[in-house]
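Asker: Before I ask anything, here is the structure I am working with.
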Amino acid sequence: MRIRITLNHKNGIKIPINYTYYIQSWIYKVLSKADPTFSKWLHDNGYEKDGRKFKLFTYGRLKPIKYRIHKQSQLFECQEGPTTLDISFLINDTLQHFIFGLFNSEHEVFFGNKQNGANFQLENVQIMELPEFRNNMKLRFETPCCIPMRKENDKYPKYLHPTDDLEFTSLFFKNLLNKFQSSPITKNSVLPIGKTALKILSEPKSVLISIKNDDEQKKSKIRGYTFDFEIIAPKELIEIGYFAGFGTKGSIGFGMTELI
């Protein structure tokens, strides 16, 4: 399920350029209004497979009609609205209208911190039309794809470049398979046997995103890459990535794709 939220705001408002964490916090806040226990469990734990945890949702960028990035002050200016935001969930049909209703009942959201931030008014929420899933599709990363690899003695993970062919591709599909096997929708299903391949169609662009900048002890930086790609795999795996995000860190807004 994907929903598109249309937000109204004053022209020229500015929020921190690293705003993804504020969107994540808002999503959990909306979910907690219906079920605080589930929201806390999803935030703290999520679905698990072989010791790895998956939240099974992701979201895209804020997309105003016109915007400007202020690199020196690290601010994102929404010069002209309205602004849209796409949020994607891997959920069953029963929950779709429930989740839609939660967001549709929202009226206002604040993105930012005490120094910089702005209020957005929710004008409209709509369920987006889905693509026809096939075993071969061409997609574009709207938000960066993050594939980390940490060896036994590494203090920090290495964020793989898409052209690190064997390691990147192997971990890319392993992540999809883990999500397939952890999701309550598909974990008891048999995945059809099929060829898998990942073809990079454009020059990958490196994106470094700072998380939790408001907390000196918890803030961190995560690197991912945006690029166009062709994926060959059982359509059930592609569908998992489309809804829950490809790669890791989906719940912080990584791995969101759109059709080319």
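Asker: Loop sites only, by DSSP: take the GluC sites (Glu not before Pro) in the chain that have at most 10 other C-beta atoms within 10 Å and name the longest stretch containing none of them.
Answerer: On the way: sites that count: Glu129, Glu132, Glu152, Glu216.
Here the longest run is 1-128.
Asker: From Cα pairs below 8 angstrom and at least 6 apart in sequence, can you work out the relative contact order of the chain, rounded to a whole percent?
Answerer: Across the chain, relative contact order equals 27 percent.
Asker: As I understand it, the value is the acute angle between the Cα axis of helix 93-104 and the longest principal axis of the Cα atoms of the chain; what does it come to in degrees, rounded to 10?
Answerer: 20 degrees
Asker: For the residues Leu177, Leu7, what sequence is obtained by ranking on other C-beta atoms within 10 Å, fewest first?
Answerer: Leu177, Leu7
Asker: To test your reading of the geometry: what angle, between 0 and 90 degrees and rounded to tens, separates the Cα axis of helix 20-34 from the longest principal axis of the chain?
Answerer: It is inclined by approximately 90 degrees.
Asker: List every residue whose amide H lies under 5 Å from the amide H of Phe111, counting only residues 5 or more places away in sequence or on a different chain, with H placed 1.01 Å from N in the peptide plane.
Answerer: Counting only residues 5 or more places away or on other chains, the set is Ala118, Phe120.
Asker: List, in order, the whole-Hz ³J(HN,Hα) value for each residue of the range 83-92 obtained from phi through the Karplus relation with A = 6.51, B = -1.76, C = 1.60 and θ = phi - 60°; use x for Gly and Pro.
Answerer: Coupling constants for the range 83-92: 10, 10, 9, 9, 10, 10, 10, 9, 9, 7 Hz.
Asker: Treat every Asp and Glu Cβ in the chain as -1 and every Lys and Arg Cβ as +1, leave all other atoms uncharged, and give the resulting dipole magnitude about the Cα centre to the nearest 20 debye.
Answerer: That gives a dipole near 580 debye.
Asker: Sticking with this one: Need the full-extension length gain, Leu95 to Asp164, defined as separation in residues times 0.36 nm minus the C-alpha distance. One decimal, nm.
Answerer: 21.0 nm
Asker: Now a separate question. For a label point 7 Å from the Cα of Gln121 along Cα→C-beta, name the residues of the range 88-105 whose backbone N is under 20 Å from it.
Answerer: Label zone hits: 103-105.
Asker: Oh, and also: Stick to Cα atoms and the Kirkwood definition of Rh, then tell me Rg/Rh for the range 136-259.
Answerer: Using Cα coordinates only, the ratio equals 0.98.
Asker: Fully extended, how many nm does the chain gain between Ser206 and Leu130 (0.36 nm per residue separation, minus their Cα-Cα distance)?
Answerer: Working: separation 76, 0.36 × 76 = 27.36 nm, distance 2.82 nm.
Here the segment from Ser206 to Leu130 would lengthen by 24.5 nm.
Asker: Among Ser189, Thr20, Phe141, whose Cα projects farthest towards the positive end of the dipole of the chain, with charges put on the beta-carbon of Lys, Arg (+1) and Asp, Glu (-1)?
Answerer: Farthest towards the positive end: Thr20.
Asker: Taking 7 Å along the Cα-to-C-beta vector as the label spot, tell me the Tyr28-Gln79 distance in nanometres, rounded to one decimal.
Answerer: Inter-label distance under the simple model: 3.5 nm.
Asker: Given [x] 28, 22, 19; [y] 36, 22, 17; [z] 32, 27, 19 as candidate values of semi-axes √(5λ) of the Cα gyration tensor in Å, which corresponds to the one derived from the coordinates?
Answerer: [x]
Asker: Cα axis of helix 165-182 to longest principal axis of the chain: angle in degrees, 0 to 90, nearest 10?
Answerer: Helix 165-182 sits at roughly 80 degrees to that axis.
Asker: Each residue of the range 240-247 in turn: what ³J(HN,Hα) in whole Hz from Karplus with 6.51, -1.76, 1.60 and θ = phi - 60°, glycine and Pro shown as x?
Answerer: Residue by residue, the range 240-247 yields 4, x, 5, 8, 9, x, 8, x Hz.
Asker: At 0.36 nm per residue, minus the direct Cα-Cα distance, what do Lys155 and Arg4 gain on full extension? Give it in nm, one decimal, please.
Answerer: 50.5 nm
Throughout, read-outs are computed from the coordinates displayed, never taken from laboratory work. Worth saying up front: this structure is predicted, and the values here are computed from it rather than measured. Quick reminder, even Gly has a Cβ in these numbers, built from the backbone with ideal geometry, and neighbours come from all protein chains shown.
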